[in-house]
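Each remark here refers to the structure printed beneath this line.
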Amino acid sequence: MKSTKYFVLTGGAIACSLLAFGGCSSGASSSDGTNGSDQVQSALKDMGTASFPCIINPIDCIHAVRTCVDTSCADQEKALLATFPFTPQSFKAIAGLQQCAVSNCANACMGGTGGAPGAGGATSTGGTPPDGGVETGGMPAGGAPGAGGATATGGAPAAGGTTASGGVSSAGGTPAAGGVCTTGGATSTGGAPAAGGSTASGGSAATGGAPAAGGAPAAGGSTASGGTPGAGGAVETGGTTGAGGSMSTGLDLTGTWISRVQTMGSITAPVVGTTAANIDIVLRLLVSQSASTFTGTVQICRLNPVTTPNASSLVVTFTPTVLATLVTTVTEPSFTATVGAAVPLPAVKILTGIDASGASVDSDNDGHPGDTIPANVGGILALNAYTGLTIQTSLTASLTDASTITGTASFSSTGTVFGSDNAILTSGSINVTPSSTSIPFSATKLAGDVSCADVLTRF
């Protein structure tokens, strides 16, 4: 069973962690009382209790951290005090000061080891009275032990660099629906057979001669033979059956069309400003057809922006939950699709985390405005940005063969930051600008409804 001392120390450490930086906001200020001190202390306060574990008195912890920062992060303090509040320069300076504080002063509130207790004084011997009698005084007292050494404060490590917050990249363009196939011509019916000729009737027999009256009887006349029956008419053969109509040349465009679009461009975002980027997009287009209309469901399966030349300058992650919201439906009147002919594709517009009026929409249903997009700046500052995106694409394409569409695409992407889980990023705008307005693409048709999970295995 753990001792009472253990529980007292543990409870004190937990309470210290919870209270240390709460005290910073209400009672801490620099010795000169300037507004610059308030900027420094506010930057330290925003870091929270997790950055400075504490096992000493909370007030002492506040002063220990501030003393360490004043000593080890003097350059970062000067950089912060030289800026105006709520400007991109001040956000960069705050990030630099916070990183320096974490790197150099994380152990400032852990306390040093105490000094060894002093040795006790030697016991004195009893005194002898002048007349040789035994002294009646009490027992002589031993010397008092020396007091233990004072606890040393933790040292500070060296300063870290500054960082900026990340922006969010946008998506590329998507192909639209393919053409329609027409049905083959109807087969004609065979001709009706002609009626056979009618059979002629046989000749009628002649009657015998009548006997003469009186006298010798006259010889009876010979009986006439019956007429030869006429031959029946020959039966006429039926008409030749006509050939069926030929099939139309229209192609079947229904199924799932998949494409990968890669392009270079730039990203403009709060705090970091503008940086070059390579953008990688994988998408699918599910096409169905009714009597007069093609219907296409466009979905972005992968959206991966990578900053250049330093890939860690800004890392943005589109989670499966957010990718599931990057979907829209388009329609196109039916047409006859033929190899080599143009494929009319409608413009595509995807809204996620935002509505047409610009208001935030909790599309990923996590309780925050817009879509929550994790970002990491410079490999040292991680935050979740609450963002709305508008992605627009137009396509020019033709059928290369029955299962391939090729052409060019252009797209634009704008975004609005509604806030984040870090005080350094509260609002702003995002723009993704491709380096070309005519980006080559190729789309391949797969049979049936193919999911994004299956599509991604092909790229």
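The values are calculated or read from the model by the stated rules, or taken from the named source; none is laboratory data. Predicted, not measured: the structure shown is a model, and the values here were computed from it. With ideal geometry, Cβ positions are generated from the backbone for all residues, glycine too; neighbour counts draw on all protein chains shown. To get the accessible areas, we keep the full protein, side chains included, count just its heavy atoms, and leave off ligands, DNA and RNA. Shrake-Rupley method; radii C 1.70, N 1.55, O 1.52, S 1.80 Å.
Number of residues in the stretch 402-427 that are touching a Gly at 6+ places or on another chain (Cβ under 8 Å), within 19 Å of residue 391 (Cβ to Cβ) and either open to solvent by 20 Å² or more (accessible area, probe 1.4 Å) or not aliphatic (A, V, I, L, M) (or both): the value is 5. Among the residues of the stretch 434-453, those that are loosely packed, with under 15 Cβ neighbours inside 10 Å and out of contact with any Lys or Arg (no Cβ under 9 Å at 6 or more places or on another chain) comprise 435, 436, 437, 438, 440, 447, 448, 449, 453. With respect to the conditions (1) touching a Leu at 6+ places or on another chain (Cβ under 7 Å); (2) over 15 Å from residue 267 (Cα atoms); (3) of a type outside the set (Lys, Arg), residue 408 lacks only one, and its number is (1). Looking across the stretch 360-391, the residues that are touching a strand residue (DSSP E or B) at 6+ places or on another chain (Cβ under 9 Å) and at pLDDT below 90 come down to 376, 377, 378, 379, 381. Residue 391 falls short on exactly one of the conditions (1) open to solvent by less than 10 Å² (accessible area, probe 1.4 Å); (2) in contact with a helix residue (DSSP H, G or I) (Cβ under 9 Å, 6 or more places away or on another chain), and that condition is (2). For the stretch 57-71, the criterion of a residue being in a helix (DSSP H, G or I), open to solvent by 30 Å² or more (accessible area, probe 1.4 Å), modelled with pLDDT under 80 and β-branched (Val, Ile, Thr) is satisfied by no position.
Looking only at residues in the stretch 80-109 that are open to solvent by 50 Å² or more (accessible area, probe 1.4 Å) and more than 36 Å from the chain's Cα centre (by Cα), which one is farthest from residue 39 (Cα to Cα)? In this case the residue turns out to be 107.
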